[in-house]
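Student: Handing you this structure, nothing more for now.
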Amino acid sequence: MIDDNTLELMHLVIDGSASAAQREALQPRLQSDPEARARFDSLQRVMRCIESVPDATPTPCWQPTYSATSASRALTFGPSTK
């Protein structure tokens, strides 16, 4: 079982928010724990897949609309009334 600290370091590295010290701290753990290495590799593959998906622009009928008459002044998404 992978300890919580190692999992946290993995996520920080995958997210790109890890410090140099955190990246360095993860390396020996990945080298000594095959389960941790497999999980980290799997997370990296998932992130590459996610990053390969192109950004999408919503169709005009699903653009955000703002209702000035709404008591809460909420931003809603739905079919355009224009």
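Student: Among the numbered criteria (1) at pLDDT 95 or above; (2) part of a helix (DSSP H, G or I), which single criterion is violated by CYS61?
Tutor: The one condition CYS61 does not meet is (1).
Student: Only one of (1) exposed (fewer than 10 other Cβ atoms within 10 Å of the Cβ); (2) at pLDDT 95 or above; (3) under 15 Å from the mean Cα position of the chain (by Cα) is not met by LEU43, so which one is it?
Tutor: Here LEU43 meets the rest and fails (1).
Student: For the range 20-40, what are the residues that are of a type outside the set (S, T, N, Q) and surrounded by 13 or more Cβ atoms within 10 Å (Cβ to Cβ)?
Tutor: Within the range 20-40, ALA25, LEU26, ARG29, LEU30, ASP33, ALA36, ARG37, ARG39, PHE40 qualify.
Student: May I ask you to list the residues in the range 5-19 that are surrounded by 14 or more Cβ atoms within 10 Å (Cβ to Cβ) and in a loop (DSSP other than H, G, I, E, B)?
Tutor: ALA18, the sole residue that qualifies.
The values are calculated or read from the model by the stated rules, or taken from the named source; none is laboratory data. Just so we're clear, the structure is a prediction, and the values are computed from it rather than from any experiment. Because the Cβ atoms are built from the backbone with ideal geometry, glycine has one as well, and the counts that use them run over all protein chains shown.
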